[in-house]
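Here the structure comes first, spelled out in structure tokens, and everything after it is commentary.
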Amino acid sequence: MMLSLHPDYAVFYTVWPVGPMQSRVVCEWMVHPDAPAAAGYNIQDAEEFWDRTNRQDWHICEQSQLGITSRVYQPGPYSPRESIPAAWDRTYLRAFERPLKKCWRKSRSASRTTSRTAIRSTQVKC
């Protein structure tokens, strides 16, 4: 969800996955009840601005997705200006790392013997 706050309105977006290569974006506007009565108020200007901006952003996302799905794509480092997304990725990956390490330790606890060597393995539900 993305929230965009302004003095006389707020817009929030939710992104819903439709498939591996497609998402549905829902945009909802909240306007203060007194705002339309204010002199010079014209919500259509804001709607046109955000529609144009969002379409440009979606185009960039679509182009990025095409590059990421390329067979020659290799991820690169974040720019110094991308510290917040980089921190999010690190936190997200750490959240998955902990259960996997725990499962790995569990999987090494059981053992079975083959003709040559002892192999430690078990099926663990993670």
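The values are calculated or read from the model by the stated rules, or taken from the named source; none is laboratory data. The structure displayed is predicted, hence computed values, not measured ones. Every residue, glycine among them, receives a Cβ derived from its backbone with ideal geometry; neighbour counts consider all protein chains shown.
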Discussion item. Filter segment 62-81 down to the residues that are surrounded by fewer than 10 Cβ atoms within 10 Å (Cβ to Cβ) and touching a residue at least 24 places away in the same chain (Cβ under 8 Å) and list them by number.
Written reply: none
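In the list F12, F49, which residue meets the criterion of being loosely packed, with under 11 Cβ neighbours inside 10 Å and modelled with pLDDT of 85 or more?
Details: F12 fails: loosely packed, with under 11 Cβ neighbours inside 10 Å.
That would be F49, the only listed residue that is loosely packed, with under 11 Cβ neighbours inside 10 Å and modelled with pLDDT of 85 or more.
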Fill in: Which listed residue is under 20 Å from D89 (Cα atoms) and modelled with pLDDT under 90, from P20, P7
P20
Item to complete: Select, from V31, V18, V25, the only residue that is β-branched (V, I, T), over 19 Å from T53 (Cα atoms) and surrounded by 10 or more Cβ atoms within 10 Å (Cβ to Cβ).
Response: V31
Discussion item. Given (1) touching a helix residue (DSSP H, G or I) at 6+ places or on another chain (Cβ under 9 Å); (2) at pLDDT 90 or above, identify the lone condition not met by Q63.
Written reply: (1)
Practice prompt. Mind listing whichever residues of segment 66-105 are modelled with pLDDT under 90, among the aliphatic types (A, V, I, L, M) and under 30 Å from A10 (Cβ atoms)?
Written response: A95
